[in-house]
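Just below is one structure, and these are the notes that go with it.
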Amino acid sequence: MTLPHRADIDADDEPDIESWIVPVRRALVARYGIEVGAEAAAEAATWAVEHAERLAMMGNPAGYLYRVGQTAARRSVRWGSRHVMFPSEPVAPDLPLLDVDLFRALEQLREEHRIAVLLTHGYGYTYRQVAEVLDVSEAAVTNFVHRGMTKLRSILGDDPT
């Protein structure tokens, strides 16, 4: 999966907003939790639909949408929305129990580490794709993942050292 850029879109083509918003939604949920992140992603998606032509001309549309979502999330958190990171029990009876220890460990990571670890290891994104969404360098993503995984191993007792 590659995120489309301005050069990839012909003038006659409609931009594929979904290819930008899916990774943005995942990053916002990883950063702000289920409720706030999903709400922020919805606002970013609304903005994307309303400004599709403008967005298609940007060099990094996913990164811009991530910033739009961050603004919405900050507004939401400021006005008192609950900050729920991960569910501690199955949402539906037919779903398996979730690994609560892993979720608690993920909650202890710094935001950028948690986002990078979840997007790369949880969703299979490349470091380049994560860098585009977060609008940082690939080297920064490499550091985020390395530090996040080291901390997770330490918290979960899987540290080989």
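Looking at the range 153-160, can you tell me whether even one residue there is at pLDDT 90 or above, within 17 Å of Y66 (Cα to Cα) and either loosely packed, with under 13 Cβ neighbours inside 10 Å or in contact with a Pro (Cβ under 9 Å, 6 or more places away or on another chain) (or both)?
There is no residue in the range 153-160 that is at pLDDT 90 or above, within 17 Å of Y66 (Cα to Cα) and either loosely packed, with under 13 Cβ neighbours inside 10 Å or in contact with a Pro (Cβ under 9 Å, 6 or more places away or on another chain) (or both).
Could you tell me which numbered condition E138 fails, if it satisfies all but one of (1) surrounded by fewer than 18 Cβ atoms within 10 Å (Cβ to Cβ); (2) among the acidic types (D, E); (3) within 21 Å of I17 (Cα to Cα); (4) at pLDDT 90 or above?
Tallying (1) surrounded by fewer than 18 Cβ atoms within 10 Å (Cβ to Cβ); (2) among the acidic types (D, E); (3) within 21 Å of I17 (Cα to Cα); (4) at pLDDT 90 or above, E138 fails exactly one: (3).
Only one of L55, L95, L106 is at pLDDT below 90 and farther than 25 Å from E35 by Cα; which?
On the way: L95 fails: farther than 25 Å from E35 by Cα; L106 fails: farther than 25 Å from E35 by Cα.
One residue alone meets the criteria, L55.
Which count do you get for residues in the range 26-74 that are closer than 15 Å to I115 by Cα, of a type outside the set (A, V, I, L, M) and touching a residue at least 40 places away in the same chain (Cβ under 8 Å)?
9
The values are calculated or read from the model by the stated rules, or taken from the named source; none is laboratory data. Just so we're clear, the structure is a prediction, and the values are computed from it rather than from any experiment. All Cβ positions, glycine included, derive from the backbone under ideal geometry; neighbour counts span all protein chains shown.
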